[in-house]
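Here it is: the structure, laid out below.
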């Protein structure tokens, strides 16, 4: 332990300090986040999986529940097992667990950035991911997307370690890669991408080895690599079987899951630059555009710096120079960041909610951006202290502005947009906003205070019916006091609460029925509204 501490640099200590700060803030604010639109059914799925095991594999209701059996139940089963033993309510437990996993993802990008380019690159990778609104805000209730992204980035990290050591990788790295792959498969079948990245790494090593010394001896090395990787696949399959039992009921079930998600048509719509489109017919640039406008400017600067640095290194490299293992690791990271985006552009799968379903590409993008900022600073130092100070100050300014934006957006950080579209205010009505209905609890609490002020010093004597839409009923009920009752009957409702995502509030209040009495706003963007429908309802009755 003492030797480990001695090896830590100031950048390592800075990364540790950031992780501790984020963990502290997350623990203190987890209760501020609403119940997402998927959480209720996801929790039911976890409970049904638990029944499958508790019944001695006799209760198969989990495999007939909506289409959730196409997903692994790692998170939901874990939350179901933990909830009775923790001093929090069910959804706060889920949010704390998801936040803890998200912080583990921050540690993963730090480790990968450090491995690729040193402690400063690791620190920047961690900082950039933490400053990304869809990541930080999603850490609390994107309970499928964040854990999957975390499993994937750790899988990429161990793949990079394996790739640099070929043909004799460390057994510990192989086993931990198997754990990462298995846990990721226990969430989504898309984790098979890790096997593609493994194939890429092995192919790059083999191609260079054959180029240098021919095939002789490398066939045996390839067989040795295959034998050494076998335990990882066994571990991965076993973990997948535990957390996604449907996948092993039939060997072709994972293939069925892949087909399901590649051609999913949910009959709903999404929005891009103000144009409403079916989720099964999004344009090829839907994902690249959303990445360009959702990621922080400082992260995009880092990516640009990484690209320029790569082109400069490529231009200066001798034609026959062997590619070292560290470059293979970089290639795997680039593949993890870009190949899914390229697949999206070509295949145009179903997509909605902006980058949510491709959130797993953001951590490797943050790693590459961290490497880019590290190399940018290294070059400015060689140009003298004035240039270095100017570059450092510019990065610090970008970081400060982005951090302040996330503070002002709390607890709706995931609706953040960068200056390419004018921030959340500029994105309103043009792009996806509060698709989880995370602002509904704040609107509900405001309405409760509004009503209580009408009965000062005494209990509210009656109940009021609230038509809360475009968010789950449980999202409203978790925040509502007893005198606010959810109703699905708009004609009998006293109030409307609705997010403005996809113009929901105006759509359900067409023609306008009542009085706008409150808006939940962040950085100029209206996230949710509260409307008073009592006068119209009383008049019609």
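What follows is calculated from the coordinates using simple rules that are stated; it is not laboratory data. Only a predicted model underlies this, so the values are computations on that prediction, with no experimental measurement involved. Glycine gets a Cβ as well: all are built from the backbone with ideal geometry, and neighbour counts include every protein chain shown.
To check you understand DSSP bridge types, tell me what percent of the beta bridges within the chain (both residues inside) are antiparallel, rounded to 5.
75 percent
Let me ask you something else. What list do you get for 225, 407 if you sort them by fewest beta carbons within 10 Å?
On the way: 225 22, 407 10.
So the ranking, lowest neighbour count to highest, is 407, 225.
Further, regarding this structure: Take the alpha carbon gyration tensor of the stretch 50-204, find the square roots of its eigenvalues, order them as a ≥ b ≥ c, and report rounded if a/c is under 1.5; if not, report prolate when a/b exceeds b/c, else oblate.
Verdict is oblate for the stretch 50-204.
Does anyone have the angle between helix 440-452 and the longest principal axis of the chain? Alpha-carbon axes, 0 to 90°, nearest 10?
So the inclination is approximately 30 degrees.
Can you tell me the orientation of helix 218-243 relative to the chain, as the angle in degrees between its alpha-carbon axis and the longest Cα principal axis, to the nearest 10?
For 218-243 against the chain, the angle is about 20 degrees.
Given the DSSP H assignment, sum -39500 (n - 2.57) over each helix run of at least 4 residues in the chain and divide by its residue total; what's the result at 222 nm in deg cm²/dmol, nearest 500?
Helices in the chain give a 222 nm mean residue ellipticity of -19500 deg cm²/dmol.
Let me know the whole percent of all Cα-Cα pairs from the stretch 440-540 that are separated by more than 20 Å.
Of all Cα-Cα pairs in the stretch 440-540, 32 percent lie more than 20 Å apart.
Also, I was wondering about something else. Starting from the exponent 0.38 and prefactor 2.2 Å, build the expected Rg for the stretch 129-202 from its residue count and divide its actual Cα Rg by it. Show your work: numbers first, answer last.
Numbers: Rg = 13.4 Å, N = 74, 2.2 N^0.38 = 11.3 Å.
Here the Cα radius of gyration is 1.19 times the empirical estimate.
Further question: Eigenvalues of the Cα gyration tensor times 5, then square-rooted: what semi-axes does that give for the stretch 173-234, in whole angstrom, largest first?
Rounded to whole Å, the semi-axes are 27, 13, 7.
Now a separate question. In what order do 220, 330 fall by count of nearby beta-carbon atoms within 10 Å, going from fewest to most?
Ranked by crowding around the Cβ, least crowded first: 220, 330.
Take the Cα radius of gyration of the chain and divide it by 2.2 N^0.38 Å, with N its residue count; two decimals is plenty.
Normalised Rg, Cα atoms only: 1.04.
May I ask you to sort 184, 280, 263 by Cβ crowding, counting other Cβ atoms within 10 Å and putting the fewest first? Display every interim value, and only then the final one.
Details: 184 30, 280 18, 263 10.
With the sparsest Cβ surroundings first, the list reads 263, 280, 184.
Relative to the longest principal axis of the chain, what angle (0 to 90°, nearest 10) does the C-alpha long axis of helix 119-130 take?
For 119-130 against the chain, the angle is about 20 degrees.
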